[in-house]
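Values quoted throughout were computed directly from the atomic coordinates according to the rules given, and no laboratory measurement underlies them. Because the structure is a prediction, the values reported are computed rather than measured. Glycine also receives a Cβ, built like all others from the backbone with ideal geometry; neighbour counts cover every protein chain displayed.
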Amino acid sequence: MPKRTRIINDPADLVPLLQIFSTGAYKKALHELSTDWKTEQELEKLIGSDAGKSLEALQKCGLIESRWRMPESGETPDKEFHASYSRVQANFQCGLDDLSDLIMIAFAHEDSLRETTEKILEEVKSGNTSLIGLCRTLNREALFIKGVAKRSNELVVRGQRIELAGER
């Protein structure tokens, strides 16, 4: 098991972490990956069909790392995964209103956040990627927008900008 500590300085980083630890399949996948390097197929045998989705969620949070497994001659290489961290240290301060928003975002049903996510997507696609600009346009707090973006598979937070996933 790795002995590294994940340091969280931004309260919005709690959203994907809370999502992961509230889902049994993701938690089980992280546990399996903390013991040894495993490919997606090996993980699927251990936890079931949610392995690909679990790996995607764990990668988005930055909790796992990957490398290529050297194959036997004539075979194709496989990507294998391993947990990067065994501990978490949170070092931030925020208001209770912001914290309650982040917890609500983490545990809310996707449908209840769909409208907000779509508005953010529309703004980002039209070129409004600045967090401050999004706050003005959507009349929401920065932590709320960052929390929704961190939860979404279509958006990525890069500093004070919200971008479409897959850009760069």
Going from the fewest other Cβ atoms within 10 Å to the most, one would list Arg136, Arg161 as Arg136, Arg161
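Return the subset of Lys79/Lys125; Lys38/Lys119; Lys53/Lys119 for which the Cα-Cα distance in this structure is over 29 Å, preserving the input order.
Pairs exceeding 29 Å: Lys79/Lys125; Lys38/Lys119.
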Roughly how many nanometres apart are two label points built 7 Å out from the Cα toward the Cβ at Ser66 and His31? 2.5
Where does the charge balance sit around Leu63 when Lys and Arg score +1, Asp and Glu -1, over other residues with C-beta under 13 Å from its C-beta? +1
Antiparallel as a % of all DSSP beta bridges within the chain, to the nearest 5? 75
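Compute the longest continuous run of the chain that contains no exposed GluC sites (Glu not before Pro); treat a site as exposed when its DSSP state is not H, G, I, E or B and it has at most 11 other Cβ atoms within 10 Å.
76-166
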Grab the Cα-Cα distance for Leu138 and Thr76, subtract it from 0.36 nm times how many residues apart they are, and report the gain in nm with one decimal. 17.5 nm
Residue-averaged [θ]222 nm for the chain, counting only DSSP H segments that reach four residues, each worth -39500 (n - 2.57): -15000 deg cm²/dmol
Any chance you could run the full-extension gain for Leu164 through Leu96? It's 0.36 nm times the residue separation minus the Cα-Cα distance, nm to one decimal. 21.6 nm
Name the residue farthest towards the positive end of the dipole of the chain from the options Leu164, Ala90, Ser54, assuming +1 on Cβ of Lys and Arg, -1 on Cβ of Asp and Glu, about the Cα centre. Ala90
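For a quick check: sort Leu17, Leu46 by the number of other beta carbons within 10 angstrom, fewest at the front.
Working: Leu17 18, Leu46 13.
Result, fewest neighbours first: Leu46, Leu17.
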